[in-house]
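The values are calculated or read from the model by the stated rules, or taken from the named source; none is laboratory data. Quantities reported herein were computed from a predicted structural model and do not represent experimental measurements. Please note: Cβ atoms are built from the backbone with ideal geometry, for glycine as well, and neighbour counts cover all protein chains shown.
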Amino acid sequence: MKLFSVHFSHVQFPFILCGSLFILAVAKLGFHRAAYLSSIFPESCLLIVVGVFLSLVVHWTGAHNDFVFHPTTFFLYLLPPIMLEAAFCLHDRAVWENLGTILVFACLGTVLNTFIIAPVLFLFNDAGAFGPLAQFGFAQCLLFAALISAVDPVAVLAIFEEINVNSALYFLVFGESLLNDAVTVVLYRMMEVFVVMPQILPKEIFKGFCSFFIVSFGGVLIGLGFGAFTSYLTRFTNHVRVVEPLIVFSGAYFSYLSAECFEMSGIISIICCGIVISQYAFANISRKSHTVVVCCSKLVSSTCDCVIFLFLGMELTEFISSLVTGSQKVNLSFVLSSLLLCLLARFFIVVLFSYLLNMGRVRKISRQEQFIMGYGGLRGAVCFSLVKLLDPHTVPEKNTMMTATLCIIFFTVFVQGISMKPLVRALKIKMKEKKEPTMNEAINSNLLDHVMSGVEEVILGGHKGGSSVANHVTSVGLVGGM
């Protein structure tokens, strides 16, 4: 009988994963303590570097088969917590003041971006710019243009939070990039159907656009329904406070899964559900439950972000090793064309829509802010997950698309992400104002919140609505100011 033995294979996967997260936590702590590092590099760069380190450890231990990036895992387990936490953050007055602008950039901007990139790529392919062996049909170009239009807000928003840019610009980028991911996934699914068709007829295009609106509005209805039902349930938890966080999280996640089950937009569903919950359910639950929900959502969202970028770092290692061994080749002309088109199309759309929207906006989007919005179109895990989902039998150029997607992701994260902070400072972007409200502003805000609370109380049959929270906060602030 052995007195001591090592059975590493029994705990190999959770041991490496937990160790990686612990190392990542320590690295993030050191990263933010070292001001000279955090002032130069965005946090996403650190996460990718740790992912490269993890990849080396995984190959050394022989556990590479356990650490494989599965798009299904991403969309079912990693993405929903990030979207839910982001939806809670959308409960801000600046969001509703800029809602029309956000929807224009997120919906029309994403669609226009797709239909700018795809035809140009197709023309380049017809001209032989991608080589004689390239097999890019127009439907495949549309599919690639749809998936590469997904914008990842993590790196830019982390920089915005650190240097305290004004709320209008912050929520414009935040809301646009959040809803952009939802629209991208819906477009991707529509183009995926077009790829397998031998011939795309006008009626099929019409059906595709109809399905686009059905999937989008279906997700909205499912999210609003689950959000309302979850908020209603929290009215009866006065004596069982411990289940309140469980009701909130399970209700939101169930809305995402239900939408995916009926082939609606799960991202749109959980965003709408989260907004309703933050408006109404948070007013019903206890202060401790509210703290638990907010802190847990931030913790899980941050952890999922870390895991996603860890896997991207591992994919970077695999990509470099495949290039060194010659098992994978890069179609450089396709990569450069795609990258250039992504940049030019985004800048064109931002400038065009800003010019049109500024005609009706009280607060204009300045040229400096337009440049940051265009430059902040970083790509991330959504793009990579969608390209991984492609079937090589229906999309023969999957490897070429995957290579281009990886190159675009790493270019935008490292080059644009690192240069974002100096650009914000060089362009002298307006910062967030920290002044205290005047007595007149505080009284007007307090009066408006009380009126809204009274209206909601009448509508909800004597039960206080979401504005009661705002009333309490405003009242406390007003008393403190006095």
Of the listed residues (VAL196, VAL165, VAL183, VAL220), the one being on the phi < 0 side of the Ramachandran plot and buried (at least 23 other Cβ atoms within 10 Å of the Cβ) is VAL183
Expected output for the range 344-369 (first residue more than 26 Å from ILE408 (Cβ to Cβ), partner among the small types (Gly, Ala, Ser) and in a helix (DSSP H, G or I), Cβ below 8 Å, 6+ apart or cross-chain) is LEU357/GLY100; ARG363/ALA168
A careful count of residues in the range 123-144 that are over 21 Å from HIS393 (Cβ atoms) and part of a helix (DSSP H, G or I) gives 3
Those residues of the range 303-332 that are surrounded by 15 or more Cβ atoms within 10 Å (Cβ to Cβ) and among the hydroxyl-bearing types (Ser, Thr, Tyr) come to a total of 3
Quiz item: Quick check: anything in the range 96-105 hydroxyl-bearing (Ser, Thr, Tyr), on the phi < 0 side of the Ramachandran plot and buried (at least 18 other Cβ atoms within 10 Å of the Cβ)?
Solution: yes
So the helices (runs of 4 or more DSSP H) completely within the range 43-110 holding 2 or more residues that are of a type in the set (D, E, K, R) and over 15 Å from PHE309 (Cα atoms) are 93-97
So, first residue farther than 11 Å from VAL413 by Cα in the range 37-50, second residue surrounded by 20 or more Cβ atoms within 10 Å (Cβ to Cβ) and basic (Lys, Arg), Cβ within less than 6 Å, six or more apart or across chains; the pairs are none
Exception for ARG346 within (1) of a type in the set (Lys, Arg); (2) in a helix (DSSP H, G or I); (3) loosely packed, with under 15 Cβ neighbours inside 10 Å falls at (3)
Of the residues in the range 359-405, those that are in a helix (DSSP H, G or I) and under 18 Å from PHE136 (Cβ atoms) number 11
Restricting attention to the range 379-414, the residues that are closer than 30 Å to SER167 by Cα, buried (at least 23 other Cβ atoms within 10 Å of the Cβ) and either free of Cβ contacts under 8 Å to residues at least 24 places away in the same chain or not β-branched (Val, Ile, Thr) (or both) number exactly 5
A careful count of residues in the range 177-205 that are touching a residue at least 12 places away in the same chain (Cβ under 8 Å) and part of a helix (DSSP H, G or I) gives 19
Selection over the range 244-277 where residues are among the small types (Gly, Ala, Ser), surrounded by 19 or more Cβ atoms within 10 Å (Cβ to Cβ) and over 21 Å from LEU187 (Cα atoms) yields a count of 3
Among SER385, SER445, the single one that is modelled with pLDDT of 65 or more, hydroxyl-bearing (Ser, Thr, Tyr) and either within 30 Å of LEU323 (Cβ to Cβ) or in the same structural domain as GLU318 (by TED's automatic domain parsing) (or both) is SER385
Of LEU201, LEU169, the only residue that is touching an Asp or Glu at 6+ places or on another chain (Cβ under 6 Å) and either outside the structural domain of PHE309 (by TED's automatic domain parsing) or more than 19 Å from VAL382 (Cα to Cα) (or both) is LEU169
- Answer yes or no as to whether PHE226 is in a helix (DSSP H, G or I), without any contact (Cβ under 8 Å) to a residue 40 or more places away in the chain, assigned by TED's automatic domain parsing to the domain that holds ALA139 and surrounded by 14 or more Cβ atoms within 10 Å (Cβ to Cβ). no
If you go through the range 322-331 one residue at a time, do you hit one that is within 30 Å of ALA129 (Cβ to Cβ), of a type in the set (A, V, I, L, M, F, W, C) and part of a loop (DSSP other than H, G, I, E, B)?
yes
Matching residues in the range 229-257 (of a type in the set (Gly, Ala, Ser), farther than 12 Å from PHE282 by Cα and touching a residue at least 12 places away in the same chain (Cβ under 8 Å)) number 3
Exception for PHE209 within (1) more than 19 Å from CYS107 (Cβ to Cβ); (2) at pLDDT below 90; (3) more than 20 Å from the chain's Cα centre (by Cα) falls at (1)
Exactly one of LEU108, LEU54, LEU37 is modelled with pLDDT of 90 or more and farther than 19 Å from LEU299 by Cβ, and that residue is LEU108
Checked the range 278-291 for anything in a helix (DSSP H, G or I), surrounded by 19 or more Cβ atoms within 10 Å (Cβ to Cβ) and of a type outside the set (S, T, N, Q); matches are TYR280, ALA281, PHE282, ALA283, HIS290
Exactly one of ARG189, ARG241, ARG235 is closer than 24 Å to ILE116 by Cβ, modelled with pLDDT under 95 and surrounded by fewer than 20 Cβ atoms within 10 Å (Cβ to Cβ), and that one is ARG189
